[in-house]
Amino acid sequence: MISVLSVLFFATLVLAEPPVRVRVLAEIGRKAMTSAKWKAGLGALLMGLVTTGAVTLASPGAGSGPVRPPEAAKQAVEKEGPPRADTHGDPLPAESLARLGTVRFRHGDNIRSLAFTPDGKQVVSHGEDSIRVWEAATGREVGSVLPEAERWIWDALLTRDGRRIVSLEADAQGHFSGQTHRFVVRTHDRATLKLVREFVLERTFLFSRFSPDGKYFALVAEPGTVLELWDVEAG
């Protein structure tokens, strides 16, 4: 008897139309039960229908289409605005709420050289990790040049006309004297910071200098008595 009622109750959950459920289940119950058992079965049947109605009311739209997110969550997604910014207007990391201090004029590594553009509107800073260009009036970073993987920036120069930035990149061991390593001389357009040209050197040298116009690159190789002069454009 319990298994029959269980089957009847399960049928009330899966069939679509309530009137059809009642007629079918009543017919099955009438044929399968005596009069006394019919009353008990009918009570269980009604209890199942009430439960089914409660489930239906608690889950609007169930079985009639795809499940939709709650309205509050939907509105929260629609209200997502631009990324948060600090008091200077600089963007914050994704999960940050505020910033103590500022990122203005913060290079992030030891600065090895500085230069103003001829019009005085920008400052170029060179550190081993990068070359960064700053807005002189506000300290806002307007762009950066990063070295290739496993390399660092040995030297850098803003040309006298302010149009190009030339740099020397060394591999991870290139700063140790007495060893031959791969170095790359690169030229970037200062306005766009796009790479214009580059050439590779494999040398063991002590120190180097760029000419003020960035056209030539001079180096002193070990044992310190040899001077090499390179045309940056021709390589």
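Every number in this text was worked out from the coordinates using simple rules, so none of it is lab data. Everything numeric here is computed off the predicted structure, so don't read it as measured data. FYI the Cβ positions are ideal-geometry reconstructions off the backbone, even for glycines, and counts take in every protein chain you see.
3J(HN,Hα) along segment 110-117: 4, 8, 9, 7, 9, 7, 8, 5 Hz, from the Karplus curve 6.51 cos²θ - 1.76 cosθ + 1.60 with θ = phi - 60°, whole Hz, x for Gly and Pro.
Taking 0.36 nm per residue of sequence separation and removing the Cα-Cα distance, the Phe105/Val226 pair yields an extension gain of 39.7 nm. Shown here are the Rg and Dmax of the Cα trace of segment 86-235, at 17.0, 57 Å. Residues of segment 143-166 with an amide N closer than 12 Å to a point placed 7 Å from the Cα of Glu135 along the Cα-to-Cβ direction: 143.
Taken one residue at a time, the phi angles of segment 141-158 give Karplus couplings (6.51, -1.76, 1.60, θ = phi - 60°) of 6, 9, x, 8, 10, 10, x, 5, 4, 6, 10, 9, 8, 6, 8, 7, 8, 8 Hz. Gly and Pro are set to x.
If you take all other residues with their beta carbon under 15 Å from the beta carbon of Val142, and give Lys and Arg +1 and Asp and Glu -1, the sum is +2. Stretching Ala85 away from Val142 to a fully extended chain increases their span by 18.9 nm, per 0.36 nm per residue minus the current alpha-carbon distance. Straightening the chain between Glu198 and Ser96 buys 32.8 nm, computed as 0.36 nm per residue apart minus the Cα-Cα spacing.
Here's the picture: a label point sits 7 Å out from the Cα of Arg160 along the beta-carbon direction, and within segment 103-129 the residues with their amide nitrogen under 14 Å of it are 118.
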